[in-house]
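The values are calculated or read from the model by the stated rules, or taken from the named source; none is laboratory data. No experiment lies behind these values; they were computed from the predicted model shown. Cβ placement follows ideal geometry from the backbone for every residue including glycine, while neighbour counts extend to all protein chains displayed. What goes into the accessible areas is simple: the full protein's heavy atoms, side chains included, and nothing from ligands, DNA or RNA. Shrake-Rupley method; radii C 1.70, N 1.55, O 1.52, S 1.80 Å.
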Amino acid sequence: MNLAKSFAISLLGLSGTVIEVEADISSNLPGFVLVGLPDASLSEASARVRAAITNSKLQLPARKITVNLSPAAVPKFGSSFDLAIAMSVLAANKPFSNSRLDVCIHIGELGLDGSVRAVNGVLPSVLAAREAGFKLAIVPTANLHEARLVSNIDCIGVGSLQEAVRIHNAPDSVGNSAQIAEPPAGQSVESDKDIADIVGQDLAVESMVVAAAGGHHMLFIGSPGVGKTMMAERFVGLLPDLSLENAIETTAVYSISRNRGSIGANLIVRPPFEAPHHTASAISLIGGGSGLPSPGLVSLANHGVLFLDEAPEFQQPALEVLRQALESGQVVISRAAGVARFPAQFQLLLAANPCPCGNALNPKAHCVCTPAARQRYVNRLSGPLLDRVDIRLQIQSINATQALLEKDKTDRLTTTEARMRVVKARELAAERLAGTGYSLNAHLPSALMRRRFSLSKQSTRLLDVALRRGSISMRGYDRCLRLAQTICDLDELSVVDESHIARAVALRGSENSTRLAA
Ligand SMILES: [Zn+2]
């Protein structure tokens with residue numbers, strides 16, 4: 001019987017399914033048939049595999065070869081199945097002397113010369129292989145670093161089909177220690193963008209620290225040139241390094257991305273920062289594309305920061321998908337072939353001008369916008385999206401005298417100092433929220449919040465009065481409580497007091513979006 005099988009992984013989103021690759025060699029007329037729902041790039045595998053085997057001086061019988069990829073119902077994309085197909089065909093022709101095909105997963109694209117080329121998505125594939133109980137993964141050498149981020153599975157890199165064959169013919173292939181490198185340590189690179197560069201905007205700096213500590217989404221409103229972008233770029237430095245679990249998830253998203261795939265070679269330990277232009281389409285934010293769906297910017301910003309400069313200028317569909325991603329923390333891309341899911345837990349920073357001409361907050365310039373135009377402008381960001389933004393900060397430009405006074409100050413808070421405060425505050429929050437499944441104040445649902453936050457009756461008096469008078473909504477009330485708890489954590493105090501609430505009210509800003517520019 002000329003039958004053999006090997007294993008590969010089919011990815012959809014970040015989840016992988018084990019695919020059994022069976023090869024049968026029969027005495028019919030010579031040919032190569034691939035069955036089991038392959039997409040266009042996978043159907044071309046037969047040509048690549050045939051040429052690669054011949055050019056590697058390995059034997060390919062002049063008989064009929066049938067390769068079946070099962071389960072047939074699972075959609076399969078791309079060229080990463082080539083290696084598994086070639087190995088199963090070779091084994092069907094002539095069994096390997098020390099075959100480990102049954103415990104091994106093969107990932108890699110073949111060149112016509114028999115070389116094994118790098119593919120996208122190796123990290124999530126190896127994760128799926130480990131989950132399925134595989135002990136060994138044979139991957140392209142170029143992807144070995146990435147594969148070795150996964151613990152508890154042996155990974156061997158191969159540069160050619162012949163090397164892969166040698167592994168299955170060697171007496172003890174797993175002890176192939178020359179191939180096994182140490183997993184790459186993720187590097188925490190300090191950015192040269194420090195919050196100490198922000199001159200004369202102490203309230204803005206404080207708000208950023210609060211936003212970072214509690215995971216609160218934030219909106220900057222200010223005239224052009226006031227430094228909104230500069231502040232946003234410095235925000236990501238305030239966030240602590242990613243936990244190992246989050247780092248692997250973020251690296252996996254990069255690994256599968258067609259645009260950023262090559263970056264996935266090292267573990268990403270710093271939170272990512274994505275700043276799409278306001279002309280960005282909904283698809284580029286959410287992901288998609290033909291064939292294997294590729295993650296969009298909201299997923300590339302997973303566990304990091306998504307910054308929308310000139311947020312009201314974004315197209316409505318783009319803002320709409322953003323809202324959905326914020327609500328669910330993930331992106332779901334439906335295809336005829338199946339549903340791809342990508343994580344999308346990001347912190348949102350928005351920047352907006354106060355009005356279309358940008359001068360509404362500038363005492364030295366004259367705003368030429370009509371009230372109706374202003375209204376239309378702020379309404380673009382209205383409703384459900386803004387509901388999720390806890391901090392709304394108006395940034396005033398500083399005048400020349402202030403700038404001169406502030407310029408030479410040397411005791412400004414640095415990013416490193418601020419990050420230490422953020423880390424400490426996050427630890428306190430995580431301790432208090434232990435067992436809830438949440439770790440950041442901003443994420444906590446309202447019902448849980450009242451039970452978990454340590455509020456005194458006295459502290460909320462200010463808010464209670466405002467609520468009774470109708471000057472604050474219930475949602476605004478909860479938002480203030482979340483912010484106050486974060487401020488309290490930053491002060492390293494155990495109970496929220498009135499001063500925390502008062503500072504929270506100041507950070508929350510105007511509740512009514514139509515009053516943004518007022
Ligand atoms: Zn204006």
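Each row is one residue, and each column tells you yes or no for (1) more than 18 Å from GLU146 (Cα to Cα); (2) among the aromatic types (Phe, Trp, Tyr); (3) free of Cβ contacts under 8 Å to residues at least 40 places away in the same chain; (4) crowded, with 24+ Cβ neighbours inside 10 Å.
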site	(1), (2), (3), (4)
HIS278	yes, no, yes, no
SER281	yes, no, yes, no
GLY287	yes, no, no, yes
PRO293	yes, no, no, yes
GLY296	yes, no, no, yes
HIS303	yes, no, no, no
LEU306	yes, no, no, yes
ASP309	yes, no, no, no
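Residue by residue, here is whether (1) of a type in the set (Asp, Glu); (2) modelled with pLDDT of 90 or more; (3) not assigned by TED's automatic domain parsing to the domain that holds GLY214 holds:
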| position | (1), (2), (3) |
| --- | --- |
| GLY287 | no, no, no |
| ASP309 | yes, yes, no |
| ARG335 | no, no, no |
| VAL339 | no, no, no |
| ALA351 | no, yes, no |
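Screening segment 379-396 for residues that are assigned to a helix (DSSP H, G or I) and either open to solvent by less than 60 Å² (accessible area, probe 1.4 Å) or among the aliphatic types (A, V, I, L, M) (or both) and picking the one that is farthest from the ligand (Cβ to nearest atom) gives ASP387.
Residue-by-condition table, conditions (1) assigned to a strand (DSSP E or B); (2) surrounded by fewer than 17 Cβ atoms within 10 Å (Cβ to Cβ):
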residue	(1), (2)
ASP24	yes, no
PRO61	no, yes
THR66	yes, no
ALA73	no, yes
SER80	no, no
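Of the residues making up segment 483-502, those that are part of a helix (DSSP H, G or I) and surrounded by fewer than 20 Cβ atoms within 10 Å (Cβ to Cβ) are GLU498, SER499, ALA502. Mind listing just one residue for me: the one in segment 341-359 that is open to solvent by 30 Å² or more (accessible area, probe 1.4 Å) and away from the ligand (no atom under 16 Å from the Cβ) and, of those, nearest to the chain's Cα centre (by Cα)? Here the residue is GLN345.
Among the conditions (1) polar (S, T, N, Q); (2) part of a helix (DSSP H, G or I); (3) under 22 Å from ALA147 (Cα atoms), SER46 misses just one, which is (3). Across segment 211-264, the qualifying residues are those that are buried (at least 21 other Cβ atoms within 10 Å of the Cβ) and among the hydroxyl-bearing types (Ser, Thr, Tyr), and the one among them that is modelled with the lowest pLDDT is SER257. Taken residue by residue, segment 365-378 has no member that is in a strand (DSSP E or B), buried (at least 19 other Cβ atoms within 10 Å of the Cβ) and basic (Lys, Arg).
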